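Engineer: Please find one structure pasted underneath; my questions will follow.
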Amino acid sequence: MNKPFDISLDSLGAGKAGSNIPAVRLAAEVSPDETRNPPAAAQDLKSFYLETFGCQMNDHDSEKVAGVLLGRGYHAVENPADAHLVLYNTCSIREKAAQKVFARIGDWKTISQNKVIGVLGCVAQQEGEEIFERAPWVSLVCGSASYRRLPELVAQIEAGGRRVMGLSLDTDETFETEFTRRDNPLRAYITIIEGCDYSCAYCVVPHTRGQERSRTSDSVIGEAQRLADAGYTEIQLLGQTVNSYRDPSPRGMNFTALLRAVAAVKGIRRVRFTTSHPNDFHREIVEAIDATPVLCDHVHLPVQSGSTPVLRAMKRTYTRDEYLEKISWIRSARRPISITSDFIVGFPGETEKDFEETLTLLDEAQYDSVFAFKYSPRPNTPAMSMPDAIPEEEKSRRLAILQDHQREIQTQRNEKMVGQAFEVLVDAFYERRGQWAGRTTSNRIINFPSTAPNLLGQYLPVKIVRGGPNSLAGEYVG
Ligand code: 5AD
Ligand code: SF4
């Protein structure tokens, strides 16, 4: 959860922390340990509990999964003990994320009678049938590339199926549902491309989410229009490599054309997109942002390392200089565009010199925020068997140095913002301190006081009065 007055390094940007809106989120996190399993008779067979781990793609997949279940007459409950169907939509990007999922599944070992426990998403795809061996109380295992089959799989469960599986990756279609439950009342997600055709040496995604496949532009624009009609003003386009989008329909739109088309939908005031791959980041994206105020002035452009040899070993398909050239396009735009990034420290073979190159890249790029991770070896990835592993303590040391360095950069950047006014979309209220929080188009969070009864969902001008390393404090200047 975000801390109300302390914007952590990772709260600005494209990751999950950046999308948390504590005051308006509906999902409850209750561990089965904290509850008791009710007797069979008390259980409603059409009740479900769905907990999501990982990225925004997973958050949105869960919204669609919930939509499928609601469409079949199910209803959501906030406490897993009250649910007949308990589902975990899982993440396996780093080992810790996967361990967390197994701990959660393990909670049900002795108390899963009368319940259907299901594992969805990346861990499901990665571990497959193994999950039934390790946790025989699980009866549904389904990877994200098979979600289109969910109604059929749920029907098998309803008919008493005990080991129901959806693990095929050879789908050439995307997951579209007639109904999507929207968990965030202010920002609506639209997946435009699923899977990934890159093969970064450290990454499980190509294995867990399969080949890249784009939705048709008609389908995306139609969804944006329906969201606008339903009152949404902010849309976030999603994809593992969102800017690799290629319209499969005869219209043949590229990513920039789609951006412009979604921004033109009447009623939409903000369009975001994440995550961009540097290889497919072209100048015309910056030109589109410059020319279209509805396109938010924020680009999340993960670099992973500042060292060309490490980038090569990671199979990132660009050099440090090529990446920095793209940063310079963004920095020379007519309106300031905030830039955020992802880093991995301690990739096998990363030398002290390589790491120093990452630090100098921070200086050159002047990011507004970064997410940084210690390299975590993952099954089915080429990096798993690479020599020269970096010891855990050394990875921790590098991570701390990187974060300290970036904190200084952010302090300077945030202090420079004092006195400037920005429009925020108010998305949270922190009762204890009487503070509201809103996001600028550049995805910065500004906290400001107001005694107004309800500002949620309003666009307001706020002037920055203080800027710390991780936070911006403002005042309403309406
Ligand atoms: N170890 C550490 N970090 C990873 N990421 C992806 N795979 C790994 C891994 N094996 C990070 C990358 C990516 C972000 C979503 O997660 O920085 O951009
Ligand atoms: Fe993973 Fe690389 Fe694809 Fe991103 S581009 S999802 S890091 S393989």
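Here, each number is a calculation from the coordinates, and none is a lab measurement. This structure is a prediction, so every number in the text was calculated from the model and none was measured. Neighbour counts run over all protein chains shown; Cβ positions are idealised from the backbone, glycine included.
Engineer: Has the stretch 185-205 got any residue that is acidic (Asp, Glu) and away from ligand 2 (no atom under 16 Å from the Cβ)?
Structural biologist: Looking only at the stretch 185-205, we keep the residues that are acidic (Asp, Glu), and these are 194, 197.
When the remaining residues are screened for being away from ligand 2 (no atom under 16 Å from the Cβ), the result is none.
Checked the stretch 185-205: no residue is acidic (Asp, Glu) and away from ligand 2 (no atom under 16 Å from the Cβ).
Quick grid of which residues meet (1) in contact (Cβ under 8 Å) with a residue 24 or more places away in the chain; (2) over 28 Å from Gly457 (Cα atoms); (3) buried (at least 18 other Cβ atoms within 10 Å of the Cβ):
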site	(1), (2), (3)
Arg162	no, yes, no
Leu167	yes, yes, no
Phe175	yes, yes, yes
Arg181	yes, no, yes
Leu186	yes, no, yes
Ile190	yes, no, yes
Val204	yes, yes, yes
Glu212	yes, yes, yes
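Engineer: Restricted to the stretch 363-385, and to residues that are closer than 19 Å to Thr275 by Cβ and of a type outside the set (Phe, Trp, Tyr), which residue is surrounded by the most Cβ atoms within 10 Å (Cβ to Cβ)?
Structural biologist: Residue satisfying both the conditions and the ranking: Ser369.
Engineer: Ok, one more. Tell me, please, whether a residue that is within 17 Å of Arg398 (Cβ to Cβ), surrounded by 21 or more Cβ atoms within 10 Å (Cβ to Cβ) and over 22 Å from the mean Cα position of the chain (by Cα) can be found in the stretch 296-307.
Structural biologist: yes
Engineer: Specify the residue that is farthest from Ser338 (Cα to Cα); the eligible residues are those in the stretch 386-400 that are surrounded by 15 or more Cβ atoms within 10 Å (Cβ to Cβ) and within 25 Å of the chain's Cα centre (by Cα).
Structural biologist: Lys395
Engineer: Output the residues belonging to the stretch 359-389 that are of a type outside the set (Gly, Ala, Ser) and away from ligand 1 (no atom under 12 Å from the Cβ).
Structural biologist: Passing the criteria: Leu359, Thr360, Leu361, Leu362, Asp363, Glu364, Gln366, Tyr367, Asp368, Pro387, Asp388.
Engineer: On to the next question. Residue by residue through the stretch 363-399, note down the ones that are closer than 12 Å to Phe347 by Cα and aromatic (Phe, Trp, Tyr).
Structural biologist: Phe373, Tyr375 - these are the residues of the stretch 363-399 that are closer than 12 Å to Phe347 by Cα and aromatic (Phe, Trp, Tyr).
Engineer: If you don't mind, there's one more thing I want to ask. What's the number of the only condition in (1) farther than 23 Å from Val286 by Cβ; (2) assigned to a strand (DSSP E or B) that Asp218 fails to meet?
Structural biologist: Looking at each condition in turn, Asp218 falls short on (2).
Engineer: Any chance the stretch 410-420 includes a residue that's in a helix (DSSP H, G or I) and within 16 Å of ligand 1 (Cβ to nearest atom)?
Structural biologist: We begin by selecting, within the stretch 410-420, every residue in a helix (DSSP H, G or I); these are 410-416.
Adding the requirement that they be within 16 Å of ligand 1 (Cβ to nearest atom) leaves none.
Scanning the stretch 410-420, I find no residue that is in a helix (DSSP H, G or I) and within 16 Å of ligand 1 (Cβ to nearest atom), so the answer is no.
Engineer: From the list Cys196, Cys200, exactly one residue is within 16 Å of ligand 1 (Cβ to nearest atom) and either out of contact with any Pro (no Cβ under 6 Å at 6 or more places or on another chain) or outside any loop (DSSP other than H, G, I, E, B) (or both). Which is it?
Structural biologist: From the options Cys196, Cys200, the qualifying one is Cys200.
Engineer: Would a scan of the stretch 445-455 turn up a residue that is part of a strand (DSSP E or B), touching a helix residue (DSSP H, G or I) at 6+ places or on another chain (Cβ under 7 Å) and of a type in the set (Val, Ile, Thr)? Explain how you work it out, then say what you get.
Structural biologist: So the first thing to find is which residues in the stretch 445-455 are part of a strand (DSSP E or B), and the list is 445-449.
Checking which are touching a helix residue (DSSP H, G or I) at 6+ places or on another chain (Cβ under 7 Å) leaves us with 445.
From what's left, of a type in the set (Val, Ile, Thr): 445.
Within the stretch 445-455, one or more residues are part of a strand (DSSP E or B), touching a helix residue (DSSP H, G or I) at 6+ places or on another chain (Cβ under 7 Å) and of a type in the set (Val, Ile, Thr).
Engineer: Still on this structure, I have one more. Cβ-Cβ distance below 9 Å, separation of 6 or more or different chains: which pairs start in the stretch 277-288 with a residue that is under 16 Å from Leu238 (Cβ atoms) and end on one that is aliphatic (A, V, I, L, M) and assigned to a loop (DSSP other than H, G, I, E, B)?
Structural biologist: His277/Leu301
Engineer: Moving on to the next point. Go over the candidates Pro185, Pro206, Pro151, Pro136 one by one and state the one that is under 22 Å from the mean Cα position of the chain (by Cα) and away from ligand 1 (no atom under 16 Å from the Cβ).
Structural biologist: Unique residue meeting the criteria: Pro185.
Engineer: With the requirement that a residue be surrounded by fewer than 21 Cβ atoms within 10 Å (Cβ to Cβ) and of a type in the set (Gly, Ala, Ser), what does the stretch 214-243 give you?
Structural biologist: Hits for the stretch 214-243 are Ser219, Gly222, Ala228, Ala230, Gly231.
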